[in-house]
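Below: the structure, in structure tokens.
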């Protein structure tokens, strides 16, 4: 199928990736059932694969990462409980207040260094339930961290968070939308990261190229409750195997290739760092944060005129996200567009 935007260099997000030829074929041949009734064999296979990849006992397929995260909060918490969460986490920043509306939790936000919170500060903010204060029942992590530019939480900190949770009877949930990027960048199995948490949400529709879907993984009884919340939130799908077939391709064929996105991000970052008026954070995975000496919105508009799409994420900061639909040639085109924009600015 033709992509009408194929001529563009779309660096807005890795969510814009199109299904691979293998995914189209998998959809065509997927055996189907009714997932709400629990008998779609392709969904069952995807859930088993996701559980195995994350080292969890069970998993449930859901339409989106936002639904997956919010189901986790609703399953682990009671209304009025407190959660600890990094101050620019996706759960807070991009899920339109759902944690307050659905789970009914109080969110205590903590600062971080590129998405990694100080474990000692985390422990200082754990509340014990009493007449006056809510109890802290859940610690939420994000690895890699979106607004920190795809930054990785070090394994030493993941272990520390797990130990804090065990000391205080507090569960740990990981928004692992891009946890496979973190695993590939560190050269470790994903299960080494997720082994430090009680539940994890993984996205299939970002760098792993599926058109739709996330999987929530955790203990069997937790997933039983999660299925009830999925139904309650309208996330029950019928012949969902059509989509789950893509997820199986994602988890079996698309993980290792994430290293290509990381390499292109590093290559672009190195080139952009040499241009006047720009400063670049060294990328850890597939995102590059570019700091601009003039309004980021102006730079983004000028790049758009040259066929390069990206988002301003702060008044003087642009985020570039590399993915399977941005090859070496498109990476070069993006760099050339930045060169043209900065060159015109210098000579103006």
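Return one number: the angle in degrees, 0 to 90 and rounded to the nearest 10, between the long axis of the Cα atoms of helix 328-347 and the longest principal axis of the Cα atoms of the chain.
With rounding to tens, the tilt is 60 degrees.
Given the Cα-Cα distance of residue 28 and residue 332 and 0.36 nm per residue of separation, how much length would full extension add, in nm?
105.9 nm
I'd like to know how the stretch 173-263 sits against the 2.2 N^0.38 Å rule of thumb: what's its Cα Rg over that expected value?
In units of the 2.2 N^0.38 Å rule of thumb, it is 1.13.
In vacuo Debye scattering of the stretch 233-348, one point per C-alpha: log10 I(q)/I(0) at q = 0.14, 0.21 Å⁻¹?
The Debye formula, applied to the Cα set alone, gives -0.64, -1.08.
Order of 310, 246 from fewest to most other C-beta atoms within 10 Å?
310, 246
Give me the angle, in degrees from 0 to 90, between the Cα long axis of helix 241-253 and the longest principal axis of the Cα atoms of the chain, rounded to the nearest 10.
70
Under 1.5 on a/c is rounded, so check that first for the stretch 64-174, then, if it is not, pick prolate when a/b is larger than b/c and oblate when it is not; a ≥ b ≥ c are the square roots of the alpha carbon gyration tensor eigenvalues. Mind dumping the intermediate values first?
Values: a/c = 1.75, a/b = 1.11, b/c = 1.57.
Judged from the Cα gyration tensor, the stretch 64-174 comes out oblate (a/c at least 1.5, b/c at or above a/b).
Could you please rank 322, 311, 338, placing first whichever residue has the fewest other Cβ atoms within 10 Å of its Cβ?
Taking fewest neighbouring Cβ atoms as first place, the list is 311, 338, 322.
Cα extents of the chain along the three principal axes, largest first, in whole Å?
Largest to smallest, the principal-axis extents are 65, 53, 35 Å.
For the stretch 127-164 and the stretch 68-89, what is the separation of their Cα centres, given in Å?
Using only Cα atoms to place each centre, the spacing works out to 11 Å.
When the helix-only estimate is applied to the chain (DSSP H runs of n ≥ 4, each -39,500 (n - 2.57), divided by the residue count), what is the mean residue ellipticity at 222 nm, nearest 500 deg cm²/dmol?
So the helix-based figure for the chain works out to -12500 deg cm²/dmol.
Is the stretch 1-120 rounded, prolate or oblate when judged by the Cα gyration tensor, a ≥ b ≥ c being the square roots of its eigenvalues, rounded requiring a/c under 1.5 and prolate requiring a/b larger than b/c?
Oblate is the answer for the stretch 1-120, as a/c is 1.5 or above yet b/c matches or exceeds a/b.
Using the 10 angstrom Cβ neighbour count as an exposure proxy, how do 76, 229 rank, fewest first?
In increasing order of surrounding Cβ atoms, one gets 229, 76.
Between rounded, prolate and oblate, where does the stretch 105-243 land on the alpha carbon gyration tensor, with a ≥ b ≥ c its root eigenvalues, rounded for a/c under 1.5, else prolate if a/b exceeds b/c?
Oblate, since a/c reaches 1.5 and b/c is not below a/b.
Considering only DSSP beta bridges with both partners in the chain, what is the antiparallel share in %, to the nearest 5?
Roughly 50 percent of the DSSP beta bridges within the chain come out antiparallel.
Alpha carbon centre of the stretch 183-229 versus the stretch 272-348: separation in Å?
31
The numbers here are math on the coordinates, done by the rules we state, and not lab data. Please read these numbers as outputs of a predicted model, since none were measured by experiment. Glycine gets a Cβ as well: all are built from the backbone with ideal geometry, and neighbour counts include every protein chain shown.
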